[in-house]
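Some notes on the structure that comes next.
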């Protein structure tokens with residue numbers, strides 16, 4: 001299982017949970033397994049990660065890895081963090 | 001017992017004003033938790049059904065855009081799991097912002113339109129829960145030439161014909177006015193007479209920066225437009241536009257609305273110029289015409305005598321009560337309401353974030 005840890009603001013889209021567990025061998029597969037209202041807040045309708053959303057696998061932003069194609073193994077944890085943006 | 005509801009969309013969330021039918025004393029609820037920190041560019045009130053449905057189109061800088069609706073006057077909000085609006089897979093576009101949510105006239109139950117950024121029109125036939133892309137406009141050969149103004153490239157106004165379901169006019173910045181007479185299959189630009197000072201040819205077929213479009217159901221062929229410099233009226237469904245700005249202190253501004261019961265009565269909010277976007281005379285003044293734009297009068301009772309902030313394109317509206325209510329929201333977060341068609345105003349809110357949109361209705 002892959003764990004996806006959520007910031008407070010996204011927990012209402014996961015029934016209040018701080019983390020959800022899904023199956024997947026890549027980030028894209030893991031996201032595809034998320035409930036749609038949560039998934040839509042991480043990626044747009046073409047599947048691209050939203051510009052100001054950061055997704056970390058351990059200490060690495062997946063943008064610095066293989067993006068949504070980044071491979072995952074059982075027990076991995078994805079940390080979702082909003083970037084510093086806006087005013 | 002009638003009550004009035006006033007939706008206030010701001011750069012950082014939604015507030016809801018509530019009043020009795022007199023509309024002189026308002027209670028303000030908000031920010032509504034579901035939309036905190038979201039730019040609420042579109043709100044709507046559909047009063048056609050058994051109970052009113054409220055709409056909110058908000059965009060989070062982080063988590064993207066979404067449209068929610070409420071059937072209990074804002075107590076609870078819902079969206080469909082896959083979202084209300086999304087470009088089809090492979091269309092090479094994704095939704096950035098919803099600028100307009102407009103219920104169709106009463107003769108088209110369930111039909112609700114939405115205008116978005118990037119410039120696209122959407123049609124719902126399930127009361128505004130889910131929307132389909134109107135392909136005829138999206139596939140228009142002009143689309144690649146529509147530009148982005150300061151606010152982004154968007155269809156920001158949708159004006160359905162009051163009786164003919166096949167006819168709809170939209171306005172976009174930039175691009176101008178487009179209209180369909182075949183239910184959205186084909187669209188033609190309708191900008192003849194509207195100036196585009198930012199082009200070498202100031203009267204192009206399309207490309208104008210129309211800021212807002214308005215009409216009255218009793219006079220379907222007449223439309224009013226506040227342009228990026230220029231205030232216009234068309235008496236033939238948008239074929240020819242003529243200036244009605246002569247009696248105004250400036251022809252620059254963003255909103256334009258029509259009185260709900262007097263098709264000749266129009267409201268604008270003049271700003272000095274494109275290069276100086278503060279109210280003329282540095283006074284917060286709504287201008288009203290009661291003769292379809294031939295003459296104008298400033299409305300001041302209850303509005304600030306000193307103000308340096310604009311009213312944005314969707315931040316002026318009316319309700320449909322009698323006497324008519326008129327509402328304006330400013331970029332410094334104030335909202336003013338008139339329950340006598342603009343003769344006098346009361347402050348509903350102050351110190352909110354920039355007001356982007358307001359809609360009001362008297363219900364029950």
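Bear in mind these aren't lab numbers, they're just calculated from the coordinates by the rules spelled out. Since this is a predicted model, take the numbers as computed values, not measurements. Cβ placement follows ideal geometry from the backbone for every residue including glycine, while neighbour counts extend to all protein chains displayed.
In deg cm²/dmol and to the nearest 500, what is the mean residue ellipticity at 222 nm of chain B if only DSSP H runs of at least 4 residues count, each as -39500 (n - 2.57), divided by the residue total?
0 deg cm²/dmol
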TODO: Over every pair of different alpha-carbon atoms in chain A, take the mean of 1/r and invert it; report that Kirkwood radius in Å.
DONE: 12.9
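Taking chain B on its own, what percent of its Cα-Cα pair distances exceed 25 Å? Write out the running numbers ahead of the final one.
Values: 32136 of 66066 pairs.
Within chain B, distances greater than 25 Å cover 49 percent of Cα pairs.
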Open item on the list: So, R0 is 45 Å and r is the distance between the beta-carbons of residue B:246 and residue A:11; what FRET efficiency does that work out to, to 0.05?
Closed with: 0.20
- [ ] Starting from the Cα gyration tensor of the protein assembly as shown, multiply each eigenvalue by 5, take the square root, and state the resulting semi-axes largest first in whole Å.
- [x] 39, 25, 20
Open item on the list: Just to be sure I understand: if I project the alpha-carbon convex hull of segment B:213-339 onto a plane and average over all orientations, what area do I get in nm²?
Closed with: 7.0
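So what is the calculated 222 nm ellipticity per residue for chain A, using -39500 (n - 2.57) for each DSSP H run with n of 4 or more, over all residues, to the nearest 500 deg cm²/dmol? Show your work: numbers first, answer last.
Values: 2 runs with 13 residues, N = 87.
Computed mean residue ellipticity for chain A: -3500 deg cm²/dmol.
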TODO: Extending each Cα 7 Å along its Cβ direction at residue B:150 and residue B:300, get the distance between those two points in nm, one decimal.
DONE: 2.6
Task: log10 of Debye I(q)/I(0), alpha-carbon scatterers only, for segment B:138-251 at 0.15 Å⁻¹ - done: -0.59
- [ ] Over the whole of A:9-21, what's the average partner chain Cβ count within 10 Å per residue? Rounded to a whole number, please.
- [x] 1
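Given R₀ = 51 Å, FRET efficiency for residue B:198-residue A:3 by Cβ-Cβ distance, to 0.05?
Working: r = 52 Å, r/R0 = 1.03.
Working from the Cβ atoms, E equals 0.45.
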- [ ] Compute the distance in nm between two label points, each set 7 Å from the Cα along the Cα-to-Cβ direction, one at residue B:24 and one at residue A:18.
- [x] 5.4
Open item on the list: Of the candidates B:122, B:99, B:146, which one comes out as most mobile in a Gaussian network treatment of chain B with C-alpha springs shorter than 10 Å?
Closed with: B:146
- [ ] Specify the residue with the greatest mean-square fluctuation among B:184, B:151, B:176, computed from a Gaussian network of chain B linking alpha-carbon atoms under 10 Å apart.
- [x] B:151
- [ ] Take chain B, connect every pair of alpha-carbon atoms lying under 10 Å apart with a spring to form a Gaussian network, then pick out the residue of B:121, B:213, B:95 with the largest mean-square fluctuation.
- [x] B:95
Open item on the list: For the pair residue B:278/residue B:75, report the inter-label distance in nm, with labels modelled 7 Å from Cα in the Cβ direction.
Closed with: 4.6
